[in-house]
1. Can you find even one residue in the stretch 5-21 that is of a type in the set (S, T, N, Q) and part of a helix (DSSP H, G or I)?
2. Being without any contact (Cβ under 8 Å) to a residue 24 or more places away in the chain, surrounded by 10 or more Cβ atoms within 10 Å (Cβ to Cβ) and over 15 Å from the mean Cα position of the chain (by Cα) is the requirement here; does A35 meet it?
3. Of the residues E71, E61, E45, E66, only one is assigned to a helix (DSSP H, G or I) and within 15 Å of the chain's Cα centre (by Cα); which?
4. Taking the condition of being surrounded by fewer than 10 Cβ atoms within 10 Å (Cβ to Cβ) and aliphatic (A, V, I, L, M), how many residues in the stretch 16-32 meet it?
Amino acid sequence: MGSLSIWHWLIVLAIVILVFGTKKLRNAGGDLGSAVKNFKQSMKEGEEDAPKTPAQLAQQEKAASEAREHEQTRN
């Protein structure tokens, strides 16, 4: 009684298919897949934007300060 056999899972799967239908399950699977794909893409874009080393942080700080100085001299 502690573990479920393959037959228990097959019966549960059959009931789920009868209740929801294959079209709704296919749509839910597609939605879940596209959500995972978008999440991975966002994580990859976030990694590209974030500096990784102290040298990159220093370079980013220098560029920001130069941009501020340039803006101040223009005004």
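FYI, it's all coordinate maths here, none of it is from the lab. Please read these numbers as outputs of a predicted model, since none were measured by experiment. Glycine also receives a Cβ, built like all others from the backbone with ideal geometry; neighbour counts cover every protein chain displayed.
1. Filtering the stretch 5-21 for residues of a type in the set (S, T, N, Q) gives 5.
With part of a helix (DSSP H, G or I) added as a condition, the list becomes none.
No: zero hits.
2. Details: without any contact (Cβ under 8 Å) to a residue 24 or more places away in the chain: yes; surrounded by 10 or more Cβ atoms within 10 Å (Cβ to Cβ): yes; over 15 Å from the mean Cα position of the chain (by Cα): no.
The answer is no for A35.
3. Values: E71 fails: within 15 Å of the chain's Cα centre (by Cα); E61 fails: within 15 Å of the chain's Cα centre (by Cα); E66 fails: within 15 Å of the chain's Cα centre (by Cα).
The match here is E45.
4. 2
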